[in-house]
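Asks: Below is a structure I'd like to ask you about.
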Amino acid sequence: MAKTLQELTQNKRILLVGNSVEVLQYNLKDKIESYDTIVRFGQGIPNNENKDRIGSRTDIWVTGYLRANYYKLVKDSFVLFNRCRIHMDKEPKAGEPEYEHTVMFSDKEILEINKNLGVVEGTPLGWRPSAGFWAILFFIRKCNYKSLTLIGFDFFHKSLPFKTGEAYPTSWHMPVSTTKVNPHNPKEKELVLEMKEKGLLEWIILSNLERETLNLT
């Protein structure tokens, strides 16, 4: 029987594994898999080539509309769905996925959070919060965990030294981007640092949070 969200979060040590381009440069498997509940995002699903570095277990998978079809790779995971989108005044043509999932925030909640962050509705580069940031807010506001830890998060400050599409990738799975500018909210790093200072979460920073193009040689 699949575990419920409460079973996965109540008094659990939860680890959110981000998709930073740095994360595969470290041997993190044992550390990652020592946590009670492992959360991964979108295309950041381990495969045979990298599971020895970042582990293979995914207890909770967070997705939005764009990555929803990757469910076939994480069918045994509990799914959290992010309804945030560029045009919040319009229902997406695709609709929510048919497989079982839990919506993290209602449209009303999303609009209120976006307003507080200064999001410009309807524009692709309107400082929309990232999936990682939505997940952090969800666990802090709606779950009763023992501890919440981040690893592989740098909020898009590290990038690879080559383009995929119009951008230099900031995620290890190298998604093709049609925009040259990061569309996510520039306030995220500072806000999460404040959460860390308040003791709401732990943040394992792999190197630093400076903007940098990685030298892979």
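The values are calculated or read from the model by the stated rules, or taken from the named source; none is laboratory data. Small disclaimer: the values here were computed from a predicted structure and weren't measured. Because the Cβ atoms are built from the backbone with ideal geometry, glycine has one as well, and the counts that use them run over all protein chains shown. Keep in mind that these areas ignore ligands, DNA and RNA; they rest on the heavy atoms of the full protein, side chains included. Shrake-Rupley method; radii C 1.70, N 1.55, O 1.52, S 1.80 Å.
Asks: Need the list of lysines near K163 for cross-linking: C-alpha distance under 16 angstrom, and skip anything on the same chain fewer than eight residues off.
Replies: Cα-Cα hits under 16 Å: K180.
Asks: Report L125's accessible area, 1.4 Å probe, all protein chains in place, as a number in Å² to the nearest 10.
Replies: L125 has an accessible surface of roughly 90 Å² with all protein chains in place.
Asks: OK, next. Quick check: net charge around T9, other residues with Cβ under 14 Å of its Cβ, Lys/Arg +1 and Asp/Glu -1? Each step should come with its number before you reach the end.
Replies: On the way: positive: K3, K12, R13, R141, K142, K146; negative: E7, D36, D59.
So the environment of T9 carries a net charge of +3.
Asks: So how do R40, R53, R83 rank on accessible area, 1.4 Å probe, biggest first, that is with the largest at the start? Don't skip to the answer; put the middle values down first.
Replies: Details: R40 0, R53 90, R83 25 Å².
Listed by decreasing accessible area, they come as R53, R83, R40.
Asks: Here's another thing I want to ask about it. Which order do K3, K142, K12, K189 take by accessible area at a 1.4 Å probe, largest first? Present the calculation step by step, with values, prior to reporting the outcome.
Replies: Numbers: K3 130, K142 95, K12 65, K189 40 Å².
Of K3, K142, K12, K189, the descending order of accessible area is K3, K142, K12, K189.
Asks: Just read off the accessible area of W134 with the full protein assembly in place, 1.4 Å probe, to the nearest 10 Å².
Replies: 0 Å²
Asks: Where Lys and Arg each count +1 and Asp and Glu each count -1, what net charge lies around Y65 among other residues with Cβ under 10 Å from its Cβ? Each step should come with its number before you reach the end.
Replies: Numbers: positive: R67, R83, R85, K93; negative: E96.
Around Y65, the charge tally is +3.
Asks: Let me ask something else. Cα-based count: Lys pairs in the range 1-115 below 22 Å, eight or more positions apart or different chains?
Replies: Here the count comes out as 15.
Asks: Based solely on its DSSP helices, what 222 nm [θ] is calculated for the chain when runs of n ≥ 4 H residues each add -39,500 (n - 2.57) and the sum is averaged over all residues, nearest 500 deg cm²/dmol? Can you show the working numbers first?
Replies: Working: 6 runs with 46 residues, N = 217.
Computed ellipticity for the chain at 222 nm equals -5500 deg cm²/dmol.
Asks: Lys and Arg at +1, Asp and Glu at -1: add these up for the other residues within a Cβ distance under 11 Å of Q25 and post the number.
Replies: Working: positive: R53, K158; negative: E22.
Once positives and negatives cancel, what remains is +1.
Asks: Additional query: Can you sort R141, R85 by solvent-accessible area, 1.4 Å probe, largest first? Before the final figure, lay out each step's value.
Replies: Details: R141 150, R85 25 Å².
Descending order: R141, R85.
Asks: Still on this model: Quick one: Cα centre-to-centre distance for the range 167-204 and the range 77-118, in angstrom?
Replies: Cα centres, the range 167-204 to the range 77-118: 19 Å.
Asks: While we're here: For D30, tell me the accessible area in Å² from a 1.4 Å probe, rounded to the nearest 10.
Replies: Using a 1.4 Å probe on the heavy atoms, I get roughly 130 Å².
Asks: Here's something else I'd like to know. Whole-Hz Karplus ³J(HN,Hα) for the range 87-100, in order, using 6.51 cos²θ - 1.76 cosθ + 1.60 and θ = phi - 60°, x for Gly and Pro?
Replies: 9, 6, 8, 10, 6, x, 4, 6, x, 6, x, 7, 6, 5
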